[in-house]
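I have placed the structure first, in the form of structure tokens, so that the comments after it can refer back to it.
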Amino acid sequence: MQCPAPGSSRRAFQEDDVLSQTLLAAGTMAAPRAPMMAHQDDDSSKDLLNRILTSLDDDKAEDVIAIDLRGRSDMADYMVVCSGRSTRQVSSIAEKLVDRLKTEAGRSSKIEGKETGDWVLIDTGDVIVHVFRPEVREFYQLEKMWMPTAGANPAQV
């Protein structure tokens, strides 16, 4: 959704917003990604991915897998899936990652599921991070849905 152009009707903008919300609720339109201030190229998303992988390694995340989504999905360039040993560690890994990205890279992230600590999703824009408890990860097998085709394996870090 774009902001109204100078001099355009605010009512028209509000009507577009209502239409978008209706389509979202009906499931006929995907939710838009958060707008970026500047065009993010492959190098910046790779840099972000490296920051995320470093943070996960520092916090002892286990079985870290990075999946390249470029050209396969519009939602993000990369997906990272990892595990923590307990609900406390899962929540801690996610919280520290969000804090580090904000302080070191100036990037705000959306986080869901931190309160329960079974499956935490962190949306950084270019990289989607899933932190699971091992049992929950095994149940959903999320990375298997996104594995590249033609026998290629995701990068295990």
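The values are calculated or read from the model by the stated rules, or taken from the named source; none is laboratory data. Keep in mind that what you see is a predicted model, and the values were worked out from it rather than measured. For neighbour counting, all protein chains shown are included, and Cβ atoms are generated from backbone atoms with ideal geometry for every residue, glycine included.
The set of residues in segment 90-124 being among the hydroxyl-bearing types (Ser, Thr, Tyr), exposed (fewer than 15 other Cβ atoms within 10 Å of the Cβ) and either in contact (Cβ under 8 Å) with a residue 24 or more places away in the chain or more than 21 Å from Ala76 (Cα to Cα) (or both) consists of Thr103, Thr116.
Could you pull out the residue among Arg85, Arg72 that is modelled with pLDDT of 95 or more, assigned to a loop (DSSP other than H, G, I, E, B) and out of contact with any Cys (no Cβ under 9 Å at 6 or more places or on another chain)?
Numbers: Arg72 fails: modelled with pLDDT of 95 or more.
The match here is Arg85.
Per-residue answers, yes or no, for (1) in a helix (DSSP H, G or I); (2) in contact with a Pro (Cβ under 7 Å, 6 or more places away or on another chain); (3) not small (Gly, Ala, Ser):
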site: Asp99; (1), (2), (3): yes, no, yes
site: Glu104; (1), (2), (3): yes, no, yes
site: Ser108; (1), (2), (3): no, no, no
site: Ile111; (1), (2), (3): no, no, yes
site: Glu115; (1), (2), (3): no, no, yes
site: Leu121; (1), (2), (3): no, no, yes
site: Ile128; (1), (2), (3): no, no, yes
site: Val131; (1), (2), (3): no, no, yes
site: Glu138; (1), (2), (3): yes, no, yes
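Put simply, of Asp126, Asp118 the only residue that is closer than 24 Å to Asp47 by Cα and of a type in the set (Asp, Glu) is Asp126.
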